[in-house]
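These notes are about the structure you will find just below.
The values are calculated or read from the model by the stated rules, or taken from the named source; none is laboratory data. Just so you know, these numbers come straight off a predicted model, no measurement behind them. Virtual Cβ from ideal backbone geometry, glycine too; neighbours counted across all protein chains shown. Ligands, DNA and RNA are stripped out before the accessible areas are found, and what is left, the full protein with its side chains, is counted by its heavy atoms. Shrake-Rupley method; radii C 1.70, N 1.55, O 1.52, S 1.80 Å.
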Amino acid sequence: MSDSDGPAPEPAGLEGLPPLYSIFKGEVVSVQTYGAFVRLSGYKKEGLVHVSEMSASRVENPSEIVDVGEKVWIKVIGREIQGDKVKLSFSMKAVNQGTGRDLDPNNVMAEQDSRRRKQFRDHTGNRITLEAVLNTTCSKCGCKGHFTKDCFSAPGLQYSLLPEDDDGEPQQQTSTVAAQLDSDKKKKKKKEKKMKKKRKRERKESESDSSSSSECKTKRRHRDSDRDDKKKKKHKKHKSHKHS
């Protein structure tokens, strides 16, 4: 087909929309927690600038980046029909907000973001799968499925997943691990109480020893004083006899 034949017709349902990967300057008409809606002059349909498309750096709150009524440069990165609705996706980070220059002329970022959005919509991008359980037995607790170095149980204890009944509610069972932890806590408290009593008793004995030692010293001083008084009296008496 030659250039004289003109551009290819728009897919059904996408007529009258801005061309894909085109750049416009639009007005912010609404700011939400997940992004901002921008209206383009000459088009009735508004497009969403998702929070991930606002800046090259992470954005926590879109209201910190744009306000309602503000003019911003956008690039059309998505046009899709979902049911009976047509959705437009815009990007601010792909355009220099000062000059309107295209920062992604080859549309590499736009295509990557498009693939990422599709993966999350069909739940393949964030699916978590459980692999086969390790065919090993822990020598510490005796359970299967993990190595001894990864075990968090005390020796001799068992831990396992609680089975579910027919209604999907887990059955309430007494956990031996929880019981053992409670027992350990009680033993620890009992031991601490015993140690406190022991320290208190030792402190009393020490105070008693110091007081008895003080009493002994006082009694010794009294005895020495009495002895000196007796010596003085005896010496005085002897002296008086001598003079007579």
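Which of the residues that make up the range 13-23 are open to solvent by 70 Å² or more (accessible area, probe 1.4 Å) and either within 41 Å of the chain's Cα centre (by Cα) or in contact (Cβ under 8 Å) with a residue 60 or more places away in the chain (or both)? Walk me through it before giving the result.
Applying the first criterion (open to solvent by 70 Å² or more (accessible area, probe 1.4 Å)) to the range 13-23 yields 15, 20-21.
Result: L20, Y21.
Here is a check on your reading of the model: is G16 over 20 Å from K85 (Cβ atoms) and part of a loop (DSSP other than H, G, I, E, B)?
Taking the combined requirement at face value, the residue does not satisfy it.
So which residues in the range 71-86 are open to solvent by less than 70 Å² (accessible area, probe 1.4 Å) and closer than 19 Å to G98 by Cβ?
Selection gives V72, W73, I74, K75.
Mind telling me which of the residues L157, L130 ends up being crowded, with 16+ Cβ neighbours inside 10 Å, at pLDDT below 75 and assigned to a loop (DSSP other than H, G, I, E, B)?
Criteria check complete, one pass: L157.
Does E60 fit the bill of being over 16 Å from G100 (Cα atoms), at pLDDT below 95 and open to solvent by 60 Å² or more (accessible area, probe 1.4 Å)?
Working: over 16 Å from G100 (Cα atoms): yes; at pLDDT below 95: yes; open to solvent by 60 Å² or more (accessible area, probe 1.4 Å): yes.
So E60 passes the test.
Provide a single number: the residues in the range 35-85 that are in a loop (DSSP other than H, G, I, E, B) and acidic (D, E).
Residues that pass the stated criteria total 4.
Residues V68, V31, V72: which one is touching a helix residue (DSSP H, G or I) at 6+ places or on another chain (Cβ under 7 Å) and more than 20 Å from S114 (Cα to Cα)?
Numbers: V68 fails: touching a helix residue (DSSP H, G or I) at 6+ places or on another chain (Cβ under 7 Å); V72 fails: touching a helix residue (DSSP H, G or I) at 6+ places or on another chain (Cβ under 7 Å).
Sole residue among the options that is touching a helix residue (DSSP H, G or I) at 6+ places or on another chain (Cβ under 7 Å) and more than 20 Å from S114 (Cα to Cα): V31.
Return only the number of the condition from (1) at pLDDT 95 or above; (2) open to solvent by 40 Å² or more (accessible area, probe 1.4 Å) that S30 does not satisfy.
Status for S30: all satisfied but (2).
Go through (1) out of contact with any Leu (no Cβ under 8 Å at 6 or more places or on another chain); (2) open to solvent by less than 90 Å² (accessible area, probe 1.4 Å); (3) within 22 Å of S30 (Cα to Cα); (4) modelled with pLDDT under 90 one by one and return the number of the condition S114 breaks.
(3)
Cβ-Cβ distance below 6 Å, separation of 6 or more or different chains: which pairs start in the range 24-52 with a residue that is without any contact (Cβ under 8 Å) to a residue 24 or more places away in the chain and of a type in the set (F, W, Y) and end on one that is assigned to a strand (DSSP E or B) and open to solvent by less than 50 Å² (accessible area, probe 1.4 Å)?
F37/V29; F37/S30; F37/L48
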